[in-house]
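The values are calculated or read from the model by the stated rules, or taken from the named source; none is laboratory data. Computed from a predicted model, the values in this text were never measured in an experiment. Using ideal geometry, Cβ is built from the backbone for each residue, glycine included, and neighbour counts are taken over all protein chains shown.
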Amino acid sequence: EAQVTQNPRYLITVTGKKLTVTCSQNMNHEYMSWYRQDPGLGLRQIYYSMNVEVTDKGDVPEGYKVSRKEKRNFPLILESPSPNQTSLYFCASSLVGTNSPLHFGNGTRLTVT
Amino acid sequence: AQSVTQLGSHVSVSEGALVLLRCNYSSSVPPYLFWYVQYPNQGLQLLLKYTSAATLVKGINGFEAEFKKSETSFHLTKPSAHMSDAAEYFCAVSDGSGGYQKVTFGTGTKLQVIP
């Protein structure tokens, strides 16, 4: 089954404790992206990747890191989480091309205390 | 820069009534437009997409959207609402100018269906 898999689904952590949210897709998509969803703000792009070893900042990259060492994986790293990073995070992938729809994971709800 | 505006963060309709969710966009290039649906505790799923082949686009679950260039709109409609349509709906515009792929989402509209 074609899918984007994120782990974990729920994560509660404390300020400053490094964490990684994993994302993997099995559709051989070149494009992958991370979004955060906050009430009233919709989805905002954090980072995206057009292919292996090619990443770039989205609209809200501060406090986040990503890497793309393999085509299928695109982990999101929070090296020193802060409470304002409490949010619902989504990974998405697609073929490269502006008419290619995004395929989303089921989300990771992160709480930073 | 592209942007998407969804009018109404919450919309309530009675079961069987017409659903109309509004989306207006701005884009410096011919746009690719999408509607996604998010059910509780799930990721977003593609409902339909406009890619210039036809101005009226049919999607899944009986939804459709009409692209109106003169109004820069891409409103989503369904003739008769079902309880299962209760979800949050996002309009999105995709722009590939500048050599990168950029998808911008609206702030979403939560649809409530009243029995």
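If a residue must be modelled with pLDDT of 95 or more and in a loop (DSSP other than H, G, I, E, B), how many such residues does the stretch A:80-105 contain?
5
Could you please let me know if A:Val66 is within 13 Å of A:Val21 (Cβ to Cβ), surrounded by 14 or more Cβ atoms within 10 Å (Cβ to Cβ) and more than 14 Å from the chain's Cα centre (by Cα)? Step through it out loud before you land on a result.
Numbers: within 13 Å of A:Val21 (Cβ to Cβ): yes; surrounded by 14 or more Cβ atoms within 10 Å (Cβ to Cβ): yes; more than 14 Å from the chain's Cα centre (by Cα): no.
The answer is no for A:Val66.
When A:Leu76 is evaluated against the numbered criteria (1) surrounded by fewer than 15 Cβ atoms within 10 Å (Cβ to Cβ); (2) modelled with pLDDT of 95 or more, which criterion, by number, is the only one it fails?
So the condition that A:Leu76 fails would be (1).
Working only within the stretch A:4-19, note down all residues that are closer than 17 Å to A:Phe74 by Cβ and either of a type in the set (Val, Ile, Thr) or modelled with pLDDT under 95 (or both).
A:Val4, A:Thr5
Among the residues of the stretch B:1-53, which ones are in a loop (DSSP other than H, G, I, E, B) and of a type in the set (A, V, I, L, M)? Give the derivation first.
Residues of the stretch B:1-53 in a loop (DSSP other than H, G, I, E, B): B:1-2, B:6-9, B:15-18, B:22-23, B:27-31, B:39-43, B:51-53.
Answer for the stretch B:1-53, where residues must be in a loop (DSSP other than H, G, I, E, B) and of a type in the set (A, V, I, L, M): B:Ala1, B:Leu7, B:Ala17, B:Leu18, B:Val29, B:Ala53.
Tell me whether the stretch B:28-41 contains one or more residues that are touching a Leu at 6+ places or on another chain (Cβ under 8 Å) and either more than 30 Å from A:Asn51 (Cβ to Cβ) or without any contact (Cβ under 8 Å) to a residue 40 or more places away in the chain (or both). Spell out the reasoning first.
Here is the first cut: in the stretch B:28-41, the residues touching a Leu at 6+ places or on another chain (Cβ under 8 Å) are B:34-38.
Adding the requirement that they be either more than 30 Å from A:Asn51 (Cβ to Cβ) or without any contact (Cβ under 8 Å) to a residue 40 or more places away in the chain (or both) leaves none.
Among the residues of the stretch B:28-41, not one is touching a Leu at 6+ places or on another chain (Cβ under 8 Å) and either more than 30 Å from A:Asn51 (Cβ to Cβ) or without any contact (Cβ under 8 Å) to a residue 40 or more places away in the chain (or both), which makes the answer no.
Do we find a residue being closer than 24 Å to A:Ser49 by Cα, at pLDDT 95 or above, part of a strand (DSSP E or B) and out of contact with any Pro (no Cβ under 9 Å at 6 or more places or on another chain) anywhere in the stretch B:97-109?
So far as the stretch B:97-109 goes, no, none of its residues is closer than 24 Å to A:Ser49 by Cα, at pLDDT 95 or above, part of a strand (DSSP E or B) and out of contact with any Pro (no Cβ under 9 Å at 6 or more places or on another chain).
Being farther than 23 Å from B:Ser9 by Cα and of a type in the set (A, V, I, L, M) is the filter; apply it to the stretch A:13-42 and report the residue that is farthest from the other protein chains (Cβ to nearest Cβ).
Ranking the candidates gives A:Val14 first.
Consider A:Tyr48 carefully, then state whether it is at the interface with chain B (Cβ under 10 Å from one of its Cβ atoms), assigned to a strand (DSSP E or B) and either surrounded by fewer than 15 Cβ atoms within 10 Å (Cβ to Cβ) or in contact with a Ser or Thr (Cβ under 6 Å, 6 or more places away or on another chain) (or both).
On the way: at the interface with chain B (Cβ under 10 Å from one of its Cβ atoms): yes; assigned to a strand (DSSP E or B): yes; either surrounded by fewer than 15 Cβ atoms within 10 Å (Cβ to Cβ) or in contact with a Ser or Thr (Cβ under 6 Å, 6 or more places away or on another chain) (or both): yes.
For A:Tyr48, the condition - at the interface with chain B (Cβ under 10 Å from one of its Cβ atoms), assigned to a strand (DSSP E or B) and either surrounded by fewer than 15 Cβ atoms within 10 Å (Cβ to Cβ) or in contact with a Ser or Thr (Cβ under 6 Å, 6 or more places away or on another chain) (or both) - is met.
When you scan the stretch B:65-95, how many residues do you find that are surrounded by fewer than 20 Cβ atoms within 10 Å (Cβ to Cβ), among the polar types (S, T, N, Q) and either under 25 Å from B:Ser14 (Cβ atoms) or within 14 Å of chain A (Cβ to nearest Cβ) (or both)?
Residues in the stretch B:65-95 being surrounded by fewer than 20 Cβ atoms within 10 Å (Cβ to Cβ), among the polar types (S, T, N, Q) and either under 25 Å from B:Ser14 (Cβ atoms) or within 14 Å of chain A (Cβ to nearest Cβ) (or both): 4 in total.
State whether one or more residues within the stretch B:53-64 are surrounded by fewer than 17 Cβ atoms within 10 Å (Cβ to Cβ), under 23 Å from A:His103 (Cα atoms) and under 11 Å from the mean Cα position of the chain (by Cα).
Yes, that holds for at least one residue.
Quick one: in the stretch A:21-31, of everything that is assigned to a strand (DSSP E or B) and at pLDDT 95 or above, which residue is nearest to A:Leu110 (Cα to Cα)?
Here the residue is A:Val21.
Testing B:Leu46 on (1) of a type in the set (A, V, I, L, M); (2) more than 9 Å from every other protein chain (Cβ to nearest Cβ); (3) surrounded by fewer than 18 Cβ atoms within 10 Å (Cβ to Cβ), one condition comes back false. Which one is that?
(2)
Identify the residue in the stretch B:30-43 that is more than 9 Å from chain A (Cβ to nearest Cβ) and more than 12 Å from B:Thr104 (Cα to Cα) and, among all such residues, is modelled with the lowest pLDDT.
Applying the first criterion (more than 9 Å from chain A (Cβ to nearest Cβ)) to the stretch B:30-43 yields B:30, B:33, B:35, B:37, B:39-40.
Next, from what is left, pick out any that are more than 12 Å from B:Thr104 (Cα to Cα): B:30, B:37, B:39-40.
Working: B:Pro30: 69, B:Val37: 97, B:Tyr39: 94, B:Pro40: 89.
Result: B:Pro30.
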